[in-house]
1. For 60, 155, which order do you get if you count the other beta carbons within 10 Å of each Cβ and list the fewest first?
2. Order 133-142, 92-101 from most to least packed using the mean count of other Cβ atoms within 10 Å.
3. Please identify every one of the chymotrypsin sites (Phe, Trp or Tyr not before Pro) in the stretch 38-70 that sits in a loop by DSSP and has no more than 16 other beta carbons within 10 Å of its own beta carbon.
4. Exposure proxy check: 120, 129, 152, 87 ranked by fewest other beta carbons within 10 Å?
5. Given R₀ = 25 Å, FRET efficiency for residue 106-residue 169 by Cβ-Cβ distance, to 0.05?
6. Mind checking the stretch 84-172 for GluC sites (Glu not before Pro) that DSSP puts in a loop (not H, G, I, E or B) and that have at most 12 other Cβ atoms within 10 Å?
7. Determine, for 110, 131, 46, the number of other Cβ atoms within 10 Å of each Cβ, and report the residues in order from fewest to most.
8. So for the stretch 28-171, what percent of the C-alpha to C-alpha distances run longer than 22 Å?
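Just so it is clear, none of the values below were taken in a lab; they were calculated from the coordinates. Please read all numbers here as calculations on a predicted model, not as lab measurements. When we count neighbours, we look across all protein chains shown, and the Cβ atoms used for this are built from the backbone with ideal geometry, even at glycine.
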Amino acid sequence: MKTTLTRAVTIALITLAAALLGRAYIVEPIYIASASMEPTLSEGTHFFLDKVTYRFRAPRRGEVVSFKPRLGGEIESVKRVIAVGGDEVEIRAKQVWVNGEPLVESYAEHRRGDVLLDGDNLGPLTVPDGHLFVLGDNRDYSMDSSVWRTPDGERDPFLPLSDVTGLVRGAF
């Protein structure tokens, strides 16, 4: 009886340790905490965060990434990669341009299309190596590279690769 109990406890502890390690280093469940990625990713939807892919390669344009909170926030953000290190990015009257070409974005939504907001005209800017330019799909309701500023009010549009925590994968 004692051997069976010891074995059960050992299996339970190993399973728990594997689950915790898996969550820390392989995959983690996350949820979308705001409407900034709608209509692509709805607020409150749960997804898997792949923590392995970016150990082997950098994020690519078009991928949806999760990253550490900016300026002391508490909740990680989820945005789409628009430009990577070395790319030139510009926004003209809500139209995004990358390397001199207009970006075709079937996923992007402008709920206030008749109003030019802060961030609707920006650049051109060259993304530094080791950084990304990211935007929410719900462009008029997203705190992203188009509007980020330092506490002093200076534009701070680039996300360091070191702040990226993973690649957003399928919903569950």
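1. Least to most surrounded, the residues fall as 60, 155.
2. Output ranking for 133-142, 92-101: 133-142, 92-101.
3. Sparse-neighbourhood loop chymotrypsin sites (Phe, Trp or Tyr not before Pro): 56.
4. Going from least to most buried by this count: 152, 129, 87, 120.
5. 0.80
6. 154
7. Neighbour counts put them in this order, fewest first: 46, 110, 131.
8. Value for the stretch 28-171 (Cα pairs over 22 Å): 34 percent.
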